[in-house]
Amino acid sequence: MTQDIFNYDITTYDVNDTIKLGELLGKYVDKGDVLLLSGDLGAGKTVFTKGVVTGLGSGDIARSPTFVIVAEYSARIPIYHMDLYRLSESTMFDNMFLEEYIYGNGLCIVEWPNQMSDIFPDYSIKIHIDHIDDVTRKINIQGLDSPHKNLSEKLKKFQV
């Protein structure tokens, strides 16, 4: 049985647009969801995450967790924001018990997921951010329609 996949390319024209798109996702994600954020350094992964955190109703300010590996934010569901840039071996991942976050009871946002791509669930939402110029970003969002039907419908209608 094949599952339907949504796949949207959205262009944002400034930081506020990128945050606004993140906020939309934040309103429609739920416990157990995993967002996989990829893109070059400076592409806007943490900026996008700021929007997701706000969209989930948190007053916390998202910051890059590069040196702490996992930052936690309080919202309508717990948010676990990970940066795997500095991790290169899956044994490090196992030793840090990060898998408990990924398969836990909150939203897991992972920057640099390609460092350990084989451990994420199939239902993860993949977000790739391309840096077009100083302010413009092309953001590709892919995921399974089920369980993300409402999100897919909102992304289809999203405009900046």
Excluding exposed DSSP-loop chymotrypsin sites (Phe, Trp or Tyr not before Pro) (at most 10 other C-beta within 10 Å), longest clean stretch of the chain:
1-66
Between V70 and D9, what is the spin-label point distance in nm, taking each point 7 Å from the Cα along the Cα→C-beta axis?
3.6
The chain, Kirkwood Rh and Cα Rg, ratio Rg/Rh at 0.94
Percent antiparallel among DSSP beta bridges (both partners in region 5-157, rounded to 5):
60
Taking 0.36 nm per residue of separation and subtracting the Cα-Cα distance, what length does fully extending D122 through K156 add?
10.1 nm
Show that you can apply the helix-only estimate: for the chain, add -39,500 (n - 2.57) for every DSSP H stretch of four or more residues, divide by all residues, and state [θ] at 222 nm to the nearest 500.
-8000 deg cm²/dmol
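Bear in mind that the values in this text are calculations on the coordinates, not laboratory data. Remember, predicted model here, so these are calculated numbers, not experimental data. Here Cβ is always computed from backbone atoms with ideal geometry, including for glycine, and neighbour counts include all displayed protein chains.
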